[in-house]
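A.B. asks: Could you have a look at this structure, given as C-alpha coordinates, before my questions?
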Amino acid sequence: MSRVVVVGAGIVGLAIAARLAGRGDEVTVVDKEPDVALHQTGRNSGVIHSGLYYAPGSLKATMSAAGARSMTAYARSRGIPVQTCGKLVVATDERELPGLLRLAQRAEANGVDARLVTPAEARELEPHVRSVGALRVESTGIVDYPGVCRALVKDVEAGGGSVRLGESVLAIRTTGSRVHVRTDQADLEADAVIACAGLHADRLARASGIEPAARILPFRGEYFELAPDAAGLVRGLVYPVPDPRFPFLGVHLTRMIDGTVHAGPNAVLALAREGYTWSTVRVHDVRDALGWPGLWRLARGNVVPGAAEVLRSMSTRAFARSLARLVPAITARDLRPAPAGVRAQAVRRDGTLVDDFLVQTGPRQVHVLNAPSPAATASLEIARHLVGRLDALLD
(Lines give C-alpha, C1' and ligand atoms only; values in the text may rest on other atoms or scores of the structure.)
Protein backbone atom coordinates (compact mmCIF):
# COMPACT_ATOMS: atom_id res chain seq x y z
CA MET A 1 0.00 0.00 0.00
CA SER A 2 1.27 3.48 -0.95
CA ARG A 3 0.36 6.91 0.34
CA VAL A 4 -0.52 9.13 -2.62
CA VAL A 5 -1.54 12.77 -2.81
CA VAL A 6 -3.64 13.69 -5.85
CA VAL A 7 -3.75 17.40 -6.66
CA GLY A 8 -6.96 18.47 -8.37
CA ALA A 9 -10.61 17.50 -7.85
CA GLY A 10 -11.65 17.64 -11.47
CA ILE A 11 -12.78 14.44 -13.14
CA VAL A 12 -9.26 13.22 -14.04
CA GLY A 13 -7.88 13.72 -10.53
CA LEU A 14 -10.91 12.09 -8.91
CA ALA A 15 -10.84 9.14 -11.33
CA ILE A 16 -7.18 8.54 -10.45
CA ALA A 17 -7.89 8.85 -6.73
CA ALA A 18 -10.83 6.46 -6.93
CA ARG A 19 -8.74 3.89 -8.77
CA LEU A 20 -5.94 4.13 -6.19
CA ALA A 21 -8.34 3.95 -3.25
CA GLY A 22 -10.13 1.01 -4.82
CA ARG A 23 -6.98 -1.08 -4.76
CA GLY A 24 -6.14 -0.16 -1.17
CA ASP A 25 -3.76 2.79 -1.44
CA GLU A 26 -4.03 5.62 1.09
CA VAL A 27 -5.22 8.57 -0.97
CA THR A 28 -5.60 12.27 -0.22
CA VAL A 29 -7.10 14.61 -2.83
CA VAL A 30 -6.35 18.33 -2.45
CA ASP A 31 -8.09 21.12 -4.37
CA LYS A 32 -8.18 24.88 -3.84
CA GLU A 33 -11.89 25.17 -4.65
CA PRO A 34 -14.80 24.70 -2.21
CA ASP A 35 -16.35 21.96 -4.34
CA VAL A 36 -15.38 19.45 -7.01
CA ALA A 37 -15.60 19.93 -10.79
CA LEU A 38 -15.82 23.73 -10.71
CA HIS A 39 -13.63 24.41 -13.74
CA GLN A 40 -13.17 22.42 -16.98
CA THR A 41 -15.15 19.37 -15.81
CA GLY A 42 -18.20 21.30 -14.71
CA ARG A 43 -18.20 23.84 -17.52
CA ASN A 44 -18.02 21.67 -20.63
CA SER A 45 -20.83 20.50 -22.89
CA GLY A 46 -21.29 17.14 -21.15
CA VAL A 47 -20.47 15.15 -24.29
CA ILE A 48 -19.09 11.62 -24.23
CA HIS A 49 -16.82 11.75 -27.26
CA SER A 50 -16.44 8.83 -29.64
CA GLY A 51 -12.79 9.31 -30.67
CA LEU A 52 -13.68 10.65 -34.11
CA TYR A 53 -11.28 13.58 -34.44
CA TYR A 54 -7.99 12.32 -33.06
CA ALA A 55 -4.88 11.03 -34.79
CA PRO A 56 -4.96 7.22 -35.08
CA GLY A 57 -2.77 5.62 -32.43
CA SER A 58 -2.71 8.73 -30.21
CA LEU A 59 -3.64 8.54 -26.54
CA LYS A 60 -6.67 10.70 -27.30
CA ALA A 61 -7.92 8.28 -29.97
CA THR A 62 -7.42 5.07 -28.04
CA MET A 63 -8.55 6.41 -24.68
CA SER A 64 -11.58 8.24 -26.07
CA ALA A 65 -12.96 5.14 -27.77
CA ALA A 66 -12.40 3.03 -24.66
CA GLY A 67 -13.50 5.88 -22.42
CA ALA A 68 -16.85 6.24 -24.18
CA ARG A 69 -17.61 2.67 -23.17
CA SER A 70 -16.23 2.81 -19.63
CA MET A 71 -17.78 6.21 -18.83
CA THR A 72 -21.19 5.11 -20.06
CA ALA A 73 -20.97 1.89 -18.05
CA TYR A 74 -19.79 3.73 -14.92
CA ALA A 75 -22.59 6.29 -15.11
CA ARG A 76 -25.22 3.59 -15.54
CA SER A 77 -23.81 1.59 -12.65
CA ARG A 78 -24.10 4.65 -10.37
CA GLY A 79 -27.52 5.79 -11.56
CA ILE A 80 -26.10 8.94 -13.19
CA PRO A 81 -28.09 10.30 -16.17
CA VAL A 82 -26.42 9.24 -19.43
CA GLN A 83 -27.62 8.79 -23.00
CA THR A 84 -25.95 7.44 -26.14
CA CYS A 85 -27.71 9.73 -28.57
CA GLY A 86 -25.23 9.95 -31.46
CA LYS A 87 -24.31 13.11 -33.33
CA LEU A 88 -24.40 14.56 -36.80
CA VAL A 89 -21.36 16.30 -38.34
CA VAL A 90 -22.75 18.54 -41.06
CA ALA A 91 -21.15 19.85 -44.25
CA THR A 92 -23.02 23.01 -45.26
CA ASP A 93 -20.94 23.77 -48.35
CA GLU A 94 -19.52 21.62 -51.15
CA ARG A 95 -16.02 22.78 -50.15
CA GLU A 96 -16.45 20.98 -46.80
CA LEU A 97 -17.15 17.58 -48.33
CA PRO A 98 -13.46 16.54 -48.59
CA GLY A 99 -13.08 17.34 -44.88
CA LEU A 100 -16.17 15.28 -44.11
CA LEU A 101 -14.70 12.35 -46.05
CA ARG A 102 -11.44 12.67 -44.11
CA LEU A 103 -13.42 12.49 -40.86
CA ALA A 104 -15.17 9.34 -42.08
CA GLN A 105 -11.79 7.77 -42.88
CA ARG A 106 -10.43 8.75 -39.48
CA ALA A 107 -13.50 7.27 -37.80
CA GLU A 108 -12.83 3.98 -39.57
CA ALA A 109 -9.15 4.07 -38.56
CA ASN A 110 -10.11 4.69 -34.93
CA GLY A 111 -12.80 2.01 -34.82
CA VAL A 112 -15.60 4.57 -34.39
CA ASP A 113 -19.11 3.56 -35.50
CA ALA A 114 -19.86 6.24 -38.10
CA ARG A 115 -21.38 6.44 -41.57
CA LEU A 116 -21.75 9.05 -44.28
CA VAL A 117 -25.37 10.06 -44.90
CA THR A 118 -27.13 12.03 -47.63
CA PRO A 119 -28.80 15.40 -47.04
CA ALA A 120 -32.18 13.64 -47.03
CA GLU A 121 -30.99 11.13 -44.43
CA ALA A 122 -29.56 13.98 -42.35
CA ARG A 123 -32.97 15.68 -42.36
CA GLU A 124 -34.58 12.47 -41.11
CA LEU A 125 -32.24 12.59 -38.12
CA GLU A 126 -32.33 16.38 -37.65
CA PRO A 127 -35.28 17.85 -39.58
CA HIS A 128 -34.12 21.47 -39.26
CA VAL A 129 -30.51 20.94 -40.39
CA ARG A 130 -29.24 22.23 -43.73
CA SER A 131 -26.50 20.15 -45.35
CA VAL A 132 -24.91 18.93 -48.55
CA GLY A 133 -23.74 15.82 -46.72
CA ALA A 134 -23.20 14.61 -43.17
CA LEU A 135 -21.53 12.03 -41.00
CA ARG A 136 -23.61 10.15 -38.45
CA VAL A 137 -21.61 9.08 -35.38
CA GLU A 138 -23.52 6.53 -33.33
CA SER A 139 -21.40 6.21 -30.18
CA THR A 140 -21.38 9.86 -29.06
CA GLY A 141 -23.31 10.43 -25.84
CA ILE A 142 -24.12 12.95 -23.11
CA VAL A 143 -23.71 12.63 -19.36
CA ASP A 144 -23.79 14.60 -16.12
CA TYR A 145 -20.03 14.97 -15.48
CA PRO A 146 -20.39 16.78 -12.12
CA GLY A 147 -22.59 13.87 -11.07
CA VAL A 148 -19.81 11.49 -12.11
CA CYS A 149 -17.40 13.48 -9.94
CA ARG A 150 -19.66 13.26 -6.92
CA ALA A 151 -19.83 9.50 -7.40
CA LEU A 152 -16.05 9.30 -7.66
CA VAL A 153 -15.71 11.19 -4.36
CA LYS A 154 -17.89 8.53 -2.74
CA ASP A 155 -15.62 5.85 -4.24
CA VAL A 156 -12.54 7.58 -2.81
CA GLU A 157 -14.08 7.86 0.63
CA ALA A 158 -15.40 4.29 0.53
CA GLY A 159 -11.79 3.18 -0.05
CA GLY A 160 -10.62 5.09 3.01
CA GLY A 161 -9.38 8.17 1.15
CA SER A 162 -10.11 11.81 1.84
CA VAL A 163 -10.89 14.88 -0.26
CA ARG A 164 -9.59 18.17 1.15
CA LEU A 165 -11.32 21.13 -0.49
CA GLY A 166 -10.51 24.82 -0.12
CA GLU A 167 -6.81 24.04 0.25
CA SER A 168 -4.17 25.27 -2.21
CA VAL A 169 -1.00 23.35 -3.02
CA LEU A 170 1.97 25.72 -3.03
CA ALA A 171 4.96 23.46 -3.71
CA ILE A 172 6.01 19.83 -4.01
CA ARG A 173 9.45 18.46 -3.20
CA THR A 174 10.84 14.93 -3.37
CA THR A 175 13.39 13.91 -0.76
CA GLY A 176 14.63 10.36 -1.07
CA SER A 177 11.64 8.03 -0.79
CA ARG A 178 9.22 10.73 0.37
CA VAL A 179 7.34 13.53 -1.33
CA HIS A 180 6.49 16.63 0.67
CA VAL A 181 3.43 18.61 -0.36
CA ARG A 182 3.16 22.10 1.10
CA THR A 183 -0.31 23.62 1.08
CA ASP A 184 -1.62 26.86 2.52
CA GLN A 185 -2.92 24.85 5.48
CA ALA A 186 -0.61 21.90 6.11
CA ASP A 187 2.49 19.95 5.16
CA LEU A 188 1.59 16.55 3.75
CA GLU A 189 3.96 13.63 3.28
CA ALA A 190 3.43 10.84 0.78
CA ASP A 191 5.13 8.14 -1.23
CA ALA A 192 4.07 9.81 -4.47
CA VAL A 193 2.07 12.66 -6.01
CA ILE A 194 -0.11 12.79 -9.10
CA ALA A 195 -0.89 16.38 -10.11
CA CYS A 196 -3.93 17.17 -12.25
CA ALA A 197 -3.95 20.94 -11.85
CA GLY A 198 -5.64 21.88 -15.12
CA LEU A 199 -5.31 25.58 -15.79
CA HIS A 200 -2.39 25.80 -13.36
CA ALA A 201 -0.64 22.55 -14.35
CA ASP A 202 2.51 24.14 -15.75
CA ARG A 203 2.94 26.42 -12.74
CA LEU A 204 2.55 23.58 -10.28
CA ALA A 205 5.06 21.49 -12.23
CA ARG A 206 7.56 24.34 -12.04
CA ALA A 207 6.88 24.72 -8.30
CA SER A 208 7.66 21.02 -8.00
CA GLY A 209 11.09 21.19 -9.64
CA ILE A 210 9.92 20.07 -13.10
CA GLU A 211 10.33 22.32 -16.14
CA PRO A 212 7.14 21.91 -18.20
CA ALA A 213 7.49 21.14 -21.90
CA ALA A 214 4.76 23.64 -22.77
CA ARG A 215 2.92 26.66 -21.38
CA ILE A 216 -0.77 26.62 -20.48
CA LEU A 217 -2.75 29.24 -22.40
CA PRO A 218 -6.38 29.75 -21.32
CA PHE A 219 -8.96 29.79 -24.11
CA ARG A 220 -12.44 30.80 -23.05
CA GLY A 221 -15.34 28.99 -24.68
CA GLU A 222 -18.56 30.98 -24.54
CA TYR A 223 -21.96 29.30 -24.67
CA PHE A 224 -25.54 30.24 -25.31
CA GLU A 225 -28.66 28.26 -24.56
CA LEU A 226 -31.52 28.06 -27.04
CA ALA A 227 -34.73 29.63 -25.78
CA PRO A 228 -37.41 27.05 -24.91
CA ASP A 229 -39.46 27.79 -28.03
CA ALA A 230 -36.36 27.21 -30.20
CA ALA A 231 -35.01 24.12 -28.42
CA GLY A 232 -37.14 21.87 -30.61
CA LEU A 233 -34.98 22.82 -33.59
CA VAL A 234 -32.32 20.36 -32.37
CA ARG A 235 -32.93 16.73 -31.45
CA GLY A 236 -29.42 15.69 -30.47
CA LEU A 237 -25.88 16.89 -31.27
CA VAL A 238 -25.09 18.86 -34.43
CA TYR A 239 -21.47 19.76 -35.26
CA PRO A 240 -19.82 21.52 -38.20
CA VAL A 241 -16.95 20.07 -40.20
CA PRO A 242 -13.89 21.44 -38.34
CA ASP A 243 -11.94 24.23 -39.99
CA PRO A 244 -8.49 22.70 -40.70
CA ARG A 245 -6.87 26.13 -40.16
CA PHE A 246 -8.01 26.26 -36.56
CA PRO A 247 -7.36 23.84 -33.69
CA PHE A 248 -10.87 23.87 -32.20
CA LEU A 249 -14.09 22.19 -33.39
CA GLY A 250 -16.22 25.25 -34.09
CA VAL A 251 -19.52 26.24 -32.50
CA HIS A 252 -22.01 23.40 -32.34
CA LEU A 253 -25.37 22.47 -30.86
CA THR A 254 -25.74 20.02 -27.98
CA ARG A 255 -28.93 18.78 -26.37
CA MET A 256 -27.81 18.43 -22.76
CA ILE A 257 -28.76 15.71 -20.31
CA ASP A 258 -31.37 18.05 -18.77
CA GLY A 259 -33.06 18.60 -22.15
CA THR A 260 -31.79 22.12 -22.76
CA VAL A 261 -29.85 22.87 -25.95
CA HIS A 262 -26.48 24.60 -25.63
CA ALA A 263 -24.78 26.40 -28.49
CA GLY A 264 -21.02 26.90 -28.60
CA PRO A 265 -18.30 27.14 -27.63
CA ASN A 266 -16.22 29.65 -29.49
CA ALA A 267 -12.54 29.99 -28.50
CA VAL A 268 -10.94 33.27 -27.46
CA LEU A 269 -7.82 33.88 -25.42
CA ALA A 270 -8.91 34.60 -21.84
CA LEU A 271 -7.34 37.43 -19.87
CA ALA A 272 -6.98 35.24 -16.79
CA ARG A 273 -6.35 31.55 -16.22
CA GLU A 274 -9.87 31.43 -14.81
CA GLY A 275 -11.20 34.25 -16.98
CA TYR A 276 -14.81 33.30 -17.61
CA THR A 277 -15.73 36.81 -18.79
CA TRP A 278 -13.96 39.60 -20.67
CA SER A 279 -14.04 41.68 -17.49
CA THR A 280 -12.01 39.12 -15.54
CA VAL A 281 -8.41 40.24 -15.92
CA ARG A 282 -5.36 39.04 -14.00
CA VAL A 283 -2.26 41.05 -14.83
CA HIS A 284 0.07 38.20 -13.88
CA ASP A 285 -1.79 35.80 -16.18
CA VAL A 286 -1.81 38.26 -19.08
CA ARG A 287 1.90 38.97 -18.66
CA ASP A 288 2.58 35.24 -18.50
CA ALA A 289 0.70 34.60 -21.77
CA LEU A 290 2.13 37.59 -23.65
CA GLY A 291 5.64 36.65 -22.61
CA TRP A 292 5.38 33.19 -24.16
CA PRO A 293 6.74 33.12 -27.74
CA GLY A 294 4.39 30.29 -28.58
CA LEU A 295 1.35 32.57 -28.24
CA TRP A 296 2.62 34.98 -30.91
CA ARG A 297 3.57 32.16 -33.27
CA LEU A 298 0.16 30.54 -32.77
CA ALA A 299 -1.59 33.86 -33.40
CA ARG A 300 0.33 34.52 -36.64
CA GLY A 301 -0.82 31.19 -38.02
CA ASN A 302 -4.49 31.70 -37.09
CA VAL A 303 -5.24 35.36 -37.82
CA VAL A 304 -8.40 34.86 -39.88
CA PRO A 305 -10.14 32.18 -37.79
CA GLY A 306 -8.97 33.89 -34.61
CA ALA A 307 -10.61 37.15 -35.68
CA ALA A 308 -13.83 35.27 -36.43
CA GLU A 309 -13.80 33.83 -32.90
CA VAL A 310 -13.41 37.29 -31.35
CA LEU A 311 -16.25 38.62 -33.52
CA ARG A 312 -18.50 35.79 -32.32
CA SER A 313 -17.57 36.71 -28.75
CA MET A 314 -18.49 40.36 -29.24
CA SER A 315 -21.63 39.89 -31.32
CA THR A 316 -24.61 37.66 -30.57
CA ARG A 317 -25.73 38.15 -34.16
CA ALA A 318 -22.40 36.82 -35.46
CA PHE A 319 -22.66 33.85 -33.10
CA ALA A 320 -26.20 33.17 -34.34
CA ARG A 321 -25.06 33.38 -38.00
CA SER A 322 -22.53 30.61 -37.33
CA LEU A 323 -25.27 28.43 -35.85
CA ALA A 324 -27.64 29.27 -38.71
CA ARG A 325 -25.20 27.66 -41.14
CA LEU A 326 -26.16 24.40 -39.43
CA VAL A 327 -29.79 25.15 -38.52
CA PRO A 328 -31.08 28.09 -40.61
CA ALA A 329 -34.07 28.78 -38.36
CA ILE A 330 -31.86 29.90 -35.45
CA THR A 331 -31.66 33.67 -34.94
CA ALA A 332 -30.04 35.93 -32.36
CA ARG A 333 -33.41 36.21 -30.60
CA ASP A 334 -33.22 32.50 -29.81
CA LEU A 335 -29.97 32.76 -27.83
CA ARG A 336 -29.73 33.13 -24.06
CA PRO A 337 -26.31 33.58 -22.37
CA ALA A 338 -25.01 30.49 -20.56
CA PRO A 339 -21.93 29.99 -18.33
CA ALA A 340 -18.61 29.96 -20.17
CA GLY A 341 -15.73 27.53 -19.74
CA VAL A 342 -11.98 27.95 -20.03
CA ARG A 343 -9.88 25.32 -21.77
CA ALA A 344 -6.35 24.77 -20.49
CA GLN A 345 -4.42 24.41 -23.74
CA ALA A 346 -0.73 23.52 -23.66
CA VAL A 347 1.25 25.41 -26.32
CA ARG A 348 4.90 24.76 -27.15
CA ARG A 349 7.47 27.51 -27.60
CA ASP A 350 7.29 27.11 -31.40
CA GLY A 351 3.56 27.91 -31.37
CA THR A 352 2.29 24.38 -31.97
CA LEU A 353 -0.49 23.07 -29.79
CA VAL A 354 0.15 19.94 -27.79
CA ASP A 355 -2.34 17.80 -29.67
CA ASP A 356 -2.32 14.78 -27.38
CA PHE A 357 -2.48 14.24 -23.65
CA LEU A 358 0.85 15.32 -22.15
CA VAL A 359 2.30 13.83 -18.97
CA GLN A 360 5.69 14.57 -17.41
CA THR A 361 7.23 12.68 -14.55
CA GLY A 362 9.83 13.46 -11.91
CA PRO A 363 11.07 11.59 -8.85
CA ARG A 364 7.87 10.07 -7.39
CA GLN A 365 5.79 12.68 -9.22
CA VAL A 366 3.40 12.45 -12.18
CA HIS A 367 2.16 15.72 -13.69
CA VAL A 368 -0.72 15.91 -16.18
CA LEU A 369 0.22 18.95 -18.28
CA ASN A 370 -2.31 18.71 -21.10
CA ALA A 371 -5.69 17.06 -20.72
CA PRO A 372 -8.26 18.97 -22.81
CA SER A 373 -11.25 17.33 -24.44
CA PRO A 374 -11.80 14.37 -24.53
CA ALA A 375 -10.24 14.07 -21.05
CA ALA A 376 -13.62 13.89 -19.31
CA THR A 377 -14.75 11.10 -21.63
CA ALA A 378 -11.44 9.26 -21.19
CA SER A 379 -10.95 9.99 -17.48
CA LEU A 380 -11.33 6.40 -16.29
CA GLU A 381 -8.88 5.24 -18.96
CA ILE A 382 -6.45 8.07 -18.15
CA ALA A 383 -6.62 6.95 -14.52
CA ARG A 384 -5.73 3.39 -15.49
CA HIS A 385 -2.81 4.62 -17.61
CA LEU A 386 -1.39 7.03 -15.04
CA VAL A 387 -1.64 4.64 -12.13
CA GLY A 388 0.41 2.25 -14.25
CA ARG A 389 3.00 4.97 -14.84
CA LEU A 390 3.08 5.71 -11.12
CA ASP A 391 3.68 2.05 -10.32
CA ALA A 392 6.58 2.01 -12.77
CA LEU A 393 8.08 5.06 -11.04
CA LEU A 394 7.85 3.43 -7.61
CA ASP A 395 9.27 0.04 -8.64
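The values are calculated or read from the model by the stated rules, or taken from the named source; none is laboratory data. Not measured: the values here are computed from a predicted model. We place every Cβ from the backbone using ideal geometry, glycine too, and count neighbours over all the protein chains shown.
A.B. asks: Give region 50-80 a look and list any residue that's part of a loop (DSSP other than H, G, I, E, B) and modelled with pLDDT under 95, or say none.
C.D. replies: 50, 51, 52, 53, 54, 55, 56, 57, 58
A.B. asks: Can you tell me which residues in region 161-176 are in a loop (DSSP other than H, G, I, E, B) and modelled with pLDDT of 95 or more?
C.D. replies: 161, 166, 167, 168
A.B. asks: Could I ask something else about it? Within region 263-299, can you find the residues that are over 22 Å from the mean Cα position of the chain (by Cα), over 18 Å from residue 200 (Cα atoms) and not in a helix (DSSP H, G or I)?
C.D. replies: 279
A.B. asks: A follow-up question, please. In region 335-350, how many residues are of a type in the set (D, E, K, R) and in contact with an Asp or Glu (Cβ under 8 Å, 6 or more places away or on another chain)?
C.D. replies: 1
A.B. asks: Looking at residue 182, is it in a strand (DSSP E or B), surrounded by fewer than 22 Cβ atoms within 10 Å (Cβ to Cβ) and basic (Lys, Arg)?
C.D. replies: For residue 182, the condition - in a strand (DSSP E or B), surrounded by fewer than 22 Cβ atoms within 10 Å (Cβ to Cβ) and basic (Lys, Arg) - is met.
A.B. asks: Quick test for you: out of 237, 295, 253, pick the one residue that is farther than 25 Å from residue 142 by Cβ and in the same structural domain as residue 116 (by TED's automatic domain parsing).
C.D. replies: 295
A.B. asks: Here is a further query. Quick check on this structure: which one of 132, 163 is touching a residue at least 40 places away in the same chain (Cβ under 8 Å), touching a helix residue (DSSP H, G or I) at 6+ places or on another chain (Cβ under 7 Å), outside the structural domain of residue 382 (by TED's automatic domain parsing) and buried (at least 16 other Cβ atoms within 10 Å of the Cβ)?
C.D. replies: After ruling out the rest, the residue left standing is 132.
A.B. asks: Pairs, please: C-beta under 7 Å, at least 6 apart or cross-chain, first residue assigned to a loop (DSSP other than H, G, I, E, B) and in region 372-395, second among the charged types (D, E, K, R)?
C.D. replies: Final answer for the pair search is 372/343; 374/60.
A.B. asks: Return the only residue of 263, 299 being surrounded by 15 or more Cβ atoms within 10 Å (Cβ to Cβ), of a type in the set (A, V, I, L, M, F, W, C) and in contact with a helix residue (DSSP H, G or I) (Cβ under 9 Å, 6 or more places away or on another chain).
C.D. replies: After applying the criteria, what remains is 263.
A.B. asks: Can you find a residue that is in contact with a strand residue (DSSP E or B) (Cβ under 8 Å, 6 or more places away or on another chain), in a strand (DSSP E or B), among the basic types (Lys, Arg) and within 25 Å of residue 293 (Cα to Cα) anywhere in region 243-255?
C.D. replies: No, the conditions are met nowhere in region 243-255.
A.B. asks: Can you spot a residue in region 190-213 that is assigned to a strand (DSSP E or B), of a type in the set (D, E, K, R) and either crowded, with 23+ Cβ neighbours inside 10 Å or touching a residue at least 60 places away in the same chain (Cβ under 8 Å) (or both)?
C.D. replies: Scanning region 190-213, I find no residue that is assigned to a strand (DSSP E or B), of a type in the set (D, E, K, R) and either crowded, with 23+ Cβ neighbours inside 10 Å or touching a residue at least 60 places away in the same chain (Cβ under 8 Å) (or both), so the answer is no.
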